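These notes are about the structure you will find just below.
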Amino acid sequence: MKKVTVLGAGLIGKAIAIDLSSGYRVTAVDINEGSLVDLRNRCPEVSAVRADISDGKTLNLIAGSTDLVILALPSVMGSVILAALINSGIDVVDISFSNSDPFELDELAKEKGCTVVVDCGVAPGLSNMLLGQAVSSSEVESFKCFVGGLPVVRKWPWEYRAPFAPSDVIEEYTRPVKRVRGGEVDIIPALSEPELIHFDQVGTLEAFNTDGLRTLIRTTKVPNMTEKTLRYPGHREYIRVLQESGFFDHQPLDVHGVQVRPDQFTSRVLFANWRLQEDEEEMTLMRIEIIAHGKDSANQRRSKLEYGLLDRYDRKTRISSMARTTGYTATGVAKMILSGKFSKKGICPPEYIGSDSECFDFLMKHLLDHGIKISCKFTHLDQKTQG
């Protein structure tokens, strides 16, 4: 039986470890004993190990004998650990969002013979796969992605819960955004260009620019691409107040003789407000709009392809929707690598998987088998909608 090591046993890492335990020998590693206790209680088949993997020797000892590692760590650790794993010649599926360019490790991964799928979550991740599939069969003119995770019950003031570390969310709210307009890359502020969008079964949400296109800017030649985050209306304005007031600044301040970084202080304070509580119901939404025309010169009709995702907390398994949609995307890709269905060497963003019809179909079935349904609506722009 093949061995899988999951680094990080938080909400998403835990879901990943449990899902893979039925077919693989799974070891989950975390520095937080509380997360490991819960995992042991839920799934005794998983070997739960407490360790500090920032120590290179410990990392090599834990991951050295595995067939594949899944990175489910905060972004501050992700890129460093990823480089170490690649250097050890280990295949990796990475859901840890990092600001660094993963292609900087491409040459090393190829040299070591590693298959490394990065940004393997919902968006980036599943969204990339859907675009990759579209690009493989048509000439795509534009790509828009709207995505967000939200609590079902709105609680003032934030009306938000974070399945990730608050520091990662703050990074998302402050990192400059790259988007593509007319074939050129624009850099604009995060939180910019807000708009209200209606979603059936949910209501009106607010969308704003965030830096989620990532590898798509390099790997696709789509002339217009945008990614926006979804929140309940009002949340963005509170974030802007904190940002404009300096609460996200990195420069330390002297507070009664103690050097304090505002962003780290803010992250600690928000953790209590944003932490997703056990058994708290939440949902994950995504809407992708793709406009394309046929590659064949005889078929240049323009069409619109719209994908929709609305997933909710699973009361039976007690797994959050964000853990389901992110985690099961990662486990589907892990199964493809472990079975040899996907074996491309080097840094492999999710759009590479989407462009392979067999791999794409495998992942869509894998998600559907886990109760994650992605709707698809096709429209000829000069005709009525096709089911």
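The values are calculated or read from the model by the stated rules, or taken from the named source; none is laboratory data. Predicted model only: the values in this text are computed from it and were never measured. Positions of Cβ are backbone-derived with ideal geometry, glycine not excepted, and every protein chain shown enters the neighbour counts. The accessibility values were calculated without ligands, DNA or RNA, using every heavy atom of the protein model including side chains. Shrake-Rupley method; radii C 1.70, N 1.55, O 1.52, S 1.80 Å.
Odds and ends about this structure:
- Carbon plus sulfur fraction of accessible area for the stretch 1-105, probe 1.4 Å, in percent: 50 percent
- Tally of Lys pairs whose C-alpha atoms are under 19 Å apart, taken over the stretch 318-387, 8 or more apart or cross-chain: 6
- Whole-percent carbon and sulfur share, accessible surface of the stretch 208-327, 1.4 Å: 49 percent
- Packing here is the average count of other Cβ atoms within 10 Å per residue, and on that basis the peptides 215-228, 82-95, 29-42, highest first, run 82-95, 215-228, 29-42.
- Evaluated over the stretch 236-387, the Cα radius of gyration and Dmax, each in Å: 22.0, 73
- Kirkwood-Stokes translational diffusion coefficient of the stretch 190-267, alpha-carbon pairs, 25 °C, 0.890 mPa s, µm²/s: 161 µm²/s
- Probe 1.4 Å, accessible area per residue of the stretch 152-195, Å²: 53 Å²
- Here the stretch 155-229 is treated as an ellipsoid with the same Cα gyration tensor; its semi-axes, largest first and in whole Å, are 25, 16, 11.
- Dividing the summed -39500 (n - 2.57) terms of all DSSP H runs of n ≥ 4 by the residue count of the chain sets its mean residue ellipticity at 222 nm at -10000 deg cm²/dmol.
- Gyration tensor (alpha-carbon) shape descriptor, the stretch 253-306, a/c threshold 1.5: oblate
- Note that the stretch 196-319 shows a convex hull volume over its alpha carbon atoms of 192 Å³ per residue.
- With K and R counted +1 and D and E -1, the other residues having a Cβ less than 9 Å from that of HIS235 yield a net charge of -1.
- Each residue, TRP156 and HIS293, gets one label point 7 Å from its Cα in the Cβ direction; the gap between the two is 5.2 nm.
- A full extension of the chain between LEU108 and ASP52 corresponds to an added length of 17.7 nm, given 0.36 nm per residue minus the alpha carbon distance.
- Ranked by how many other beta carbons lie within 10 Å on average, peptides 166-179, 8-21 from highest: 8-21, 166-179
- The alpha-carbon atoms of the stretch 39-146 define a convex hull whose volume equals 154 cubic angstrom per residue.
- Bins of 10 Å, starting at 0 and running to the largest distance - Cα pair percent for the chain: 5, 23, 33, 27, 11, 2, 0, 0
- Unit charges on C-beta of K, R, D, E only; dipole of the chain, Debye: 800 debye
- Proximal charge balance of LEU7 [Cβ under 11 Å; K/R count +1, D/E count -1]: -2
- Cα centroid of the stretch 181-205 to Cα centroid of the stretch 339-372, whole Å: 27 Å
- Rule-of-thumb Rg ratio for the stretch 300-378 [Cα; 2.2 N^0.38 Å; N residues]: 1.24
- The residues of the stretch 1-54 present an accessible area of 44 Å² per residue when probed at 1.4 Å with all protein chains retained.
- Relative to one another, the C-alpha centroids of the stretch 141-179 and the stretch 73-93 are positioned 24 Å apart.
- Cα gyration tensor shape of the stretch 1-76, rounded if a/c is under 1.5, else prolate or oblate by comparing a/b with b/c: oblate
- Here the stretch 1-152 is assigned +1 on the Cβ of each Lys and Arg and -1 on the Cβ of each Asp and Glu. Its dipole about the Cα centre then comes out at about 560 debye.
- Total charge dipole magnitude, the stretch 93-182, about the Cα centre, Cβ charges on Lys, Arg, Asp, Glu only, Debye to nearest 20: 500 debye
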